[in-house]
Amino acid sequence: MNKFRIIPVIDILNSQAVHAIKGERENYKPLKSVLINDINPTRIVLTLKKKYLFNDFYIADLDAILQRKPNITILSKILDIPEVEIMIDPGIKTNKDVEKYFNLNLKSLILGLETLRDLKVITECLELFDINKIIVSIDMYNEVIQTNIKEFRSQDILEIISKIEDLGVVNIILLDLFKVGQKIGGISALYLKIREQFNGEIFVGGGIKDIQDIKGYKSNNFSGVLIGTALHDGSIKIEELRSFLKS
């Protein structure tokens, strides 16, 4: 298993950074952060890298997801920052959507079950990209799968993840939209079952409350966490993160 990763989240809507809560995207407000007084995504990445020493970032391009208007210019500027790596969810639906990102120097391209129309898109992406660059996001709402893939609607999450692993996927994100922005904390029994079953890398997004949560995921052999609200409201202190990563 690779080194445990702590990855700040940047949600982009109307080309600005916003604060995501419970997946209710119509209610997202401009980001307010104790770390940085800015809503420009590029400047946020620069500050988090230079001042707080983050290099990895998760970006949800909500303009691409909701309006099919990807922020390619913003992504390109972020990718021009030395040593910065991003995993991006741009709401991939079909293999044609993937073409926009093929030539970008991405750490990872995320294929979200919420937007994918067909399993063939996963298979084709695994053929086009290094398999380590593809992450499938297991999109949920209160642990109920959110997907347009018909065959998945009647299956439980463990069955779905087994099918995805059979396709050759080695990286997944467990993303519960209900937990986003809520700092619910704890590790659910479902997540622990998934960790026992899935042989690849598992990242978790949504509901991270504090440094103890992060330690819990690491001790249970998850690969990393995506942090947003608890980082920007000061619940997770930068000093705690640095001390944890050093240990």
*asked:* Quick check: the distance between the Cα centres of the range 15-34 and the range 114-184, to the nearest angstrom?
replied: 23 Å
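With each run of n ≥ 4 DSSP H residues scored as -39500 (n - 2.57), what mean residue ellipticity at 222 nm is computed for the chain after dividing by its residue count and rounding to the nearest 500 deg cm²/dmol?
Details: 10 runs with 78 residues, N = 247.
Result for the chain: -8500 deg cm²/dmol, rounded to the nearest 500.
Just rank SER188, SER247, fewest to most, by other beta-carbon atoms within 10 angstrom.
Values: SER188 15, SER247 6.
So the ranking, lowest neighbour count to highest, is SER247, SER188.
Assign one of three labels to the range 18-134, namely rounded, prolate or oblate, based on the Cα gyration tensor with a ≥ b ≥ c the square roots of its eigenvalues; rounded applies when a/c is under 1.5, prolate when it is not and a/b is larger than b/c, and oblate otherwise. Don't skip to the answer; put the middle values down first.
Numbers: a/c = 2.26, a/b = 1.38, b/c = 1.64.
Verdict is oblate for the range 18-134.
Which of GLU124, GLU201, GLU196 comes first, and how do the rest follow, when ranked by fewest Cβ neighbours within 10 Å?
Exposure proxy ranking, most exposed first: GLU196, GLU124, GLU201.
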_What does DSSP give for the range 5-246 in terms of the percent of beta bridges that are antiparallel, rounded to the nearest 5?_
20 percent
*Under Stokes-Einstein, with the Kirkwood radius over Cα pairs standing in for Rh, what whole-number D in µm²/s applies to the chain at 37 °C and 0.692 mPa s?*
182 µm²/s
_Sparse-neighbour loop sites [GluC sites (Glu not before Pro); the range 12-100; at most 11 other C-beta within 10 Å; DSSP]_ = GLU83
*Kindly put ASP89, ASP118 in sequence by how many other C-beta atoms sit within 10 Å of each C-beta, fewest to most.*
ASP118, ASP89
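All of the numbers you see were taken from the coordinates with simple rules; none came from a lab. What you are looking at is a predicted structure, and each value in this text was computed from that prediction instead of being measured. Glycine also receives a Cβ, built like all others from the backbone with ideal geometry; neighbour counts cover every protein chain displayed.
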